[in-house]
Amino acid sequence: MPYKLPPLTDEFISQMIFCMEDQETTYYLNVDSGELVESRMDAKALYLALPPWRPSDGYRTMEKFVSKLRNPIYRERLKAVLQSGKGVFRQFKDVLAEQVTLERLWYYFKEREIRKLILQWYEINDEAFRLESLGEEAPEEHPAHLILEDFSFTNDASTYKEELDSLYNEAKEELLSSNEYSLDDLKEVREDDRFLIALTLSAEAVGFVRYRTEGEITKILFYAIEKEFRGMGLFHALFDTLIENLETDEIIIPLMGDSLKIERMFEGANPVPINKTILLSTNTWRDASQLTNIDKRV
C-alpha cells in the first residue's frame, strides 16, 4: 500500500528547514508517526532521509541571491565577499546585517530555495502528493510584504522637505547626466502636487512619489529612491500604497532613466505605453497586486 507523507503545513516545513540546516545532526522522517527524528530506533517503522542541505548548497544560494539583487551597492559588496575565500558565511551575514530590509529579503530568498527542495522531495517520495494541494502554503514569488515591516508611508511633505529636496536633486542629476532628459522634463513643484514618502523605522525619508490629480487621471510627476534602498521592492510598496489611496480610475507613470527596468512590474496590469510613460487602470492594478487588504500605515 502506498504510504502518505504528513501534510505539508507551514509548521512542518519550518521543522524540516531547521533539521536540514543543522549540520551537526542527521534527521529522518518517521513515515508511520509523521515525526522528524534523529535516529531510526523502531525497526518496524519506515524512515526517509531528509533532502540534504550542505554548506555548498548554502554558498550556491548566496551566489544566486547576489546575481538577482538589483541594488548595485550591496550587489558589488556581496560579490566581493563571495570571492574573498575566507569566512565567507560570516562576512555575508555581517554585510546583510547593515541593512535590515536586505537581510529580510535574503532569509526569505533562502527559505524559498529550501522550500523548493522540500517540494521536489515530496513529489518523489509521496505518490499521493500534488503541488496544487498546497494552495496558500506555497511561498509568494514577490516578497513586497516584507517591505511594510521596515517602512511606513506619509503624505506630510513639509516635515521632510530638506530630505525630499536632497533626494530630488540627486535623482535629477542622475537623469540629466544620462543625456536623455532636459530641464523641461523635470517640472518644479506646484501647490496642488502631492507626495507619498517612504520612511524608515527611524523616520528617515528614503524615497518618494510626487503626483498630481487632474480630472479622472492621476499623474506621477517624479519619484526617487535613495541608492542604498533601491532594488529591494521599495518603489513597489510606494506604488501599492499610492494606488490603495487614490480615487481616480487611471494613473500615468513616467519611466525615467534607470527606472525603465521597473516596466516589467506593471505587465500584469496591461499598461498602455505613451512614449516614455505608461497609462494604467488603478482598479486593474489593485486586482493584480499582491498587497491587497494590508495596512499601509499612511
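Could you list, in sequence order, all residues of the stretch 212-238 that are touching a Phe, Trp or Tyr at 6+ places or on another chain (Cβ under 8 Å), part of a strand (DSSP E or B) and of a type outside the set (A, V, I, L, M)?
Thr218, Lys219, Phe222, Tyr223
Specify which of the listed residues (Arg90, Arg130, Arg77) is at pLDDT 80 or above, loosely packed, with under 12 Cβ neighbours inside 10 Å, farther than 15 Å from Ile13 by Cα and over 15 Å from the mean Cα position of the chain (by Cα). Steps first, answer last, please.
On the way: Arg130 fails: at pLDDT 80 or above; Arg77 fails: loosely packed, with under 12 Cβ neighbours inside 10 Å.
Result of the check over Arg90, Arg130, Arg77: Arg90.
The values are calculated or read from the model by the stated rules, or taken from the named source; none is laboratory data. Since the structure is predicted, the reported quantities are computational estimates derived from the model, not experimental observations. Using ideal geometry, Cβ is built from the backbone for each residue, glycine included, and neighbour counts are taken over all protein chains shown.
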